[in-house]
Amino acid sequence: ETGVTQTPRHLVMGMTNKKSLKCEQHLGHNAMYWYKQSAKKPLELMFVYNFKEQTENNSVPSRFSPECPNSSHLFLHLHTLQPEDSALYLCASSQDLGQAETQYFGPGTRLLVL
Amino acid sequence: AQTVTQSQPEMSVQEAETVTLSCTYDTSESDYYLFWYKQPPSRQMILVIRQEAYKQQNATENRFSVNFQKAAKSFSLKISDSQLGDAAMYFCAYKETSGSRLTFGEGTQLTVNP
């Protein structure tokens, strides 16, 4: 139990659907992250938020729309996705963006786009 | 750009034996952080151990220890007295001191044989 939860754990969606992934951290952290993990590839950082403000967008297509209403919650809104977007999406949090901070990960959402 | 390389896609070890997982990285920075994360079949990414580059002493956490060779840019993980629960994908990761970005290697799948 790392204190970071993600829902749903599995999601199947068509290319015309709209869905959202949710992440919640119970660690009192201020920074939250979205990562994409595709088969045979290293984890890719997508977005970084600190105190609800987006600090990094790693050239992510606009069909992925993040939302951070408060420091404990992070959403990833999905619309008109492509089959190549199928992957494991991991959320992480850290105390802040300080250099020594360790990131703690959630269990991920396994997404399949048909 | 920083890169992290794990040259062993798969490794296996007998229960109670010792195994070493390799990791090399490329950076022009002199100060940074290195991590080993474990991802079991549950997909929960769990921090195993971390090392600050400015520290010469190798980090240890119970049965897990690292061999940090800064000049060679090498950061290997040694697992002693391997247990069945150690079976997982292991990721090496790099973090520069000036930012929040974690750069991951492609991972090493560790199998523990009873």
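Counts of other chain beta carbons within 10 angstrom of each beta carbon in peptide B:54-61 average 0. Per-residue Karplus couplings for the range B:57-74, computed as 6.51 cos²θ - 1.76 cosθ + 1.60 with θ equal to phi - 60°, are listed in order as 6, 6, 6, 9, 9, 6, 7, 9, 9, 10, 10, 9, 10, 5, 5, 7, 6, 10 Hz, Gly and Pro entered as x.
Rg and Dmax, both from the Cα atoms of chain A and both in Å, are 13.3, 41.
List the trypsin sites (Lys or Arg not before Pro) within the range B:1-61 that DSSP assigns to loop and that have no more than 11 neighbouring Cβ atoms inside 10 Å.
Here the trypsin sites (Lys or Arg not before Pro) that fit, given the DSSP loop and packing criteria, are B:55.
Residues of the range B:90-110 with accessible area at least 30 Å² lower in the all-protein-chain context than alone (1.4 Å probe)? Buried-area filter returns B:95, B:97, B:100, B:101, B:102, B:104, B:106. Comparing B:54, B:25, B:90 in a Gaussian network model of chain B where C-alpha atoms under 10 Å apart are linked, the largest mean-square fluctuation is found at B:54.
Think of chain A as a dipole: +1 on every Lys or Arg Cβ, -1 on every Asp or Glu Cβ, centred on the Cα centre; then among A:98, A:109, A:81, A:81 lies furthest on the positive end. Chain B contacts chain A over a buried accessible area of about 1900 Å², both sides summed; the probe is 1.4 Å and only protein chains count. Local charge for residue A:37 was computed over the other residues whose Cβ lies under 13 Å away, with Lys and Arg +1 and Asp and Glu -1, and equals +2. Taking amide H as placed 1.01 Å from N in the peptide plane, the amide H of residue B:15 sits under 5 Å from that of B:113, each at least 5 places away or on another chain. For the range A:47-89 and the range A:91-114, what is the centre-to-centre distance using only Cα atoms, to the nearest Å? For the range A:47-89 versus the range A:91-114, the Cα centre distance is 11 Å.
Taking every eigenvalue of the Cα gyration tensor of the range A:52-96, multiplying by 5 and rooting it, what semi-axes result, largest first, whole Å?
The equivalent ellipsoid of the range A:52-96 has semi-axes of 21, 12, 10 Å.
Taking the charge dipole of chain B about its Cα centre, with +1 at Lys and Arg Cβ atoms and -1 at Asp and Glu Cβ atoms, the residue from B:34, B:62, B:77 reaching farthest to the positive side is B:34.
A Gaussian network model of chain A, with springs between Cα atoms under 10 Å, assigns the largest mean-square fluctuation among A:104, A:33, A:89 to A:104. Quick one: Kirkwood hydrodynamic radius for chain B, alpha-carbon pairs, angstrom, one decimal? Kirkwood hydrodynamic radius for chain B: 14.1 Å. With 0.36 nm allotted per residue and the present C-alpha distance subtracted, the residue B:18-residue B:55 stretch has 10.9 nm of extension available. Largest accessible area first, the residues B:81, A:85 order themselves as B:81, A:85 under a 1.4 Å probe with ligands, DNA and RNA left out.
With Cα atoms defining each centre, the range B:89-114 and the range B:37-88 are spaced 9 Å apart in the structure.
Calculated accessible area for the protein assembly as shown comes out at 47 Å² per residue, all protein chains present (probe 1.4 Å; ligands, DNA, RNA ignored).
Here the Gaussian network model covers chain B, with springs between Cα atoms less than 10 Å apart; of B:34, B:21, B:47, B:47 fluctuates the most. The orientation-averaged shadow of the Cα convex hull for the protein assembly as shown, equal to a quarter of the hull surface, comes to 12.2 nm². Using a probe of 1.4 Å on the protein chains alone, the accessible area found for residue B:73 is around 60 Å².
The values are calculated or read from the model by the stated rules, or taken from the named source; none is laboratory data. As the structure is a computational prediction, the values presented were derived from the model and not from experiment. Positions of Cβ are backbone-derived with ideal geometry, glycine not excepted, and every protein chain shown enters the neighbour counts. Note: areas computed on protein heavy atoms with side chains; ligands, DNA, RNA excluded. Shrake-Rupley method; radii C 1.70, N 1.55, O 1.52, S 1.80 Å.
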